[in-house]
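The next block holds one structure in the form of structure tokens; read it before the comments.
The values are calculated or read from the model by the stated rules, or taken from the named source; none is laboratory data. Given the structure is predicted, the values throughout are model-derived calculations rather than measurements. Using ideal geometry, Cβ is built from the backbone for each residue, glycine included, and neighbour counts are taken over all protein chains shown. The protein model used for the area step is the full one, side chains on, heavy atoms only, and it has no ligands, DNA or RNA in it. Shrake-Rupley method; radii C 1.70, N 1.55, O 1.52, S 1.80 Å.
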Amino acid sequence: MEKKNLDWANIGFAYRKTDMRYVSNYKNGAWDEGTLTADDQIVISECAGVLQYSQSCFEGLKAYTTEDGHIVTFRPDLNAQRMEDSAKRLEMPVFPKERFVDAVTQVVAANEAYVPPYGSGATLYIRPYMFGSSPVIGVKPADEYQFRILTTPVGPYFKGGAKPLTICVSDFDRAAPHGTGHIKAGLNYAMSLHAIMEAHRHGFDENMYLDPATRTKVEETGGANFLFVTRDNKVVTPKSDSILPSITRRSLVYVAKEYLGLEVEEREVLFDEVKEFAECGLCGTAAVISPVGKVVNHGQEILFPSGMEKMGPVTQKLYDTLTGIQMGHIKAPEGWIHVIK
């Protein structure tokens, strides 16, 4: 299929409507068979559960073209599992994992013309999401739901590419203890919007959230997990019940251990330790790894030895290895790469 005539290298990270999307409805206790549709409009009751009580969850993954010309996605089974976990926590029906992966396959294949060519630096972002669609006025779960997948071609998440970010320690909490921080619920991101806009207004790229109970431990940013590197090249990732289990972070941990032979620790990370690390990065689907050069805590600056010009050497190796696996340069572990065509 001929690709769309887009300026792939400069499309930015923004929504651009593609030709087809996937839709399945849950009614009378069961999901229908689902379908692809060209209609991008959603019509729901003014009293729908999603509008009244924010009953929604979502996922994010990418499709891209490998060096040998295949269109693939990365570990969609883990996105399916995480969405199942989110749905259960929000008292929503589970969309079966096998159907999730099949739906991703269908919608990417249907939008093949929007999958950026190899080497462009762009990808096709895939957004599965689910919401309560039937009317709800009492505080309770909806009776009917809609599962959808949209796609949109995107460039790098951060405009500056891999240039190290400056982040600030937020005065806000991202999630409550024993709350919903560990699932990908829309309400978590709504809560973070004021905090990120405040950070931007003060000249910062992102927030560092501390644990909501004691505010002494590093948690995550509004949309990515942290990854630190010690001065002796040990990889350290924060462990907490109130942060989202990032698929990218999980993959980087495996890469660090099995491909690069690095020691890895997944543990609680005290904020007081941050100044001792040599490198810092934010990891997630959108950016893979974005290096952090500086953390500012109410005027006190922590400048990592890796500096403000480029990724640190260990972070760069992790990035190069994982993207090499995704793009087909490096042999992937069994089951990591799902081939669309």
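Where residues in segment 67-83 are open to solvent by 10 Å² or more (accessible area, probe 1.4 Å), in contact with a strand residue (DSSP E or B) (Cβ under 8 Å, 6 or more places away or on another chain) and not in a strand (DSSP E or B), which of them is modelled with the lowest pLDDT?
Residue satisfying both the conditions and the ranking: H70.
Could we say that L244 is assigned to a helix (DSSP H, G or I), surrounded by 23 or more Cβ atoms within 10 Å (Cβ to Cβ) and under 17 Å from the mean Cα position of the chain (by Cα) here?
Criteria not met by L244.
State yes or no: is R127 open to solvent by less than 30 Å² (accessible area, probe 1.4 Å), at pLDDT 95 or above, under 18 Å from the mean Cα position of the chain (by Cα) and charged (D, E, K, R)?
When the stated conditions are applied, R127 does not pass them.
Does K140 satisfy the criteria of being farther than 30 Å from P96 by Cβ, over 19 Å from the mean Cα position of the chain (by Cα) and of a type outside the set (F, W, Y)?
No; evaluated as a whole, the condition is false for this residue.
Go through A122, A176 for me and flag whichever is within 29 Å of V107 (Cβ to Cβ) and in contact (Cβ under 8 Å) with a residue 12 or more places away in the chain.
A122
Just one of A286, A278, A256 is small (G, A, S) and under 26 Å from R127 (Cβ atoms); which is it?
A286
Residues of segment 131-152 being part of a loop (DSSP other than H, G, I, E, B) and not acidic (D, E), which ones?
Residues satisfying the conditions are S133, S134, V136, I137, G138, V139, K140, P141, A142.
Condition first: open to solvent by less than 10 Å² (accessible area, probe 1.4 Å) and within 20 Å of E2 (Cβ to Cβ). Now tell me which residues in segment 84-121 satisfy that.
V107, V108, N111, A113, V115, P116
Among the numbered conditions (1) surrounded by fewer than 16 Cβ atoms within 10 Å (Cβ to Cβ); (2) at pLDDT 95 or above, tell me where Y53 comes up short.
Every condition holds for Y53 apart from (1).
Tell me, yes or no, whether segment 282-295 has at least one residue that is open to solvent by 60 Å² or more (accessible area, probe 1.4 Å) and at pLDDT 95 or above.
No, there is no match, as no residue in segment 282-295 is open to solvent by 60 Å² or more (accessible area, probe 1.4 Å) and at pLDDT 95 or above.
Select from segment 257-281 the residues that are assigned to a helix (DSSP H, G or I) and over 25 Å from C168 (Cβ atoms) and write down the one among them that is most open to solvent (accessible area, probe 1.4 Å).
Going through the qualifying residues, I end up with E258.
Mind listing whichever residues of segment 216-238 are open to solvent by 10 Å² or more (accessible area, probe 1.4 Å) and modelled with pLDDT under 95?
Across segment 216-238, the qualifying residues are G222, G223, A224.
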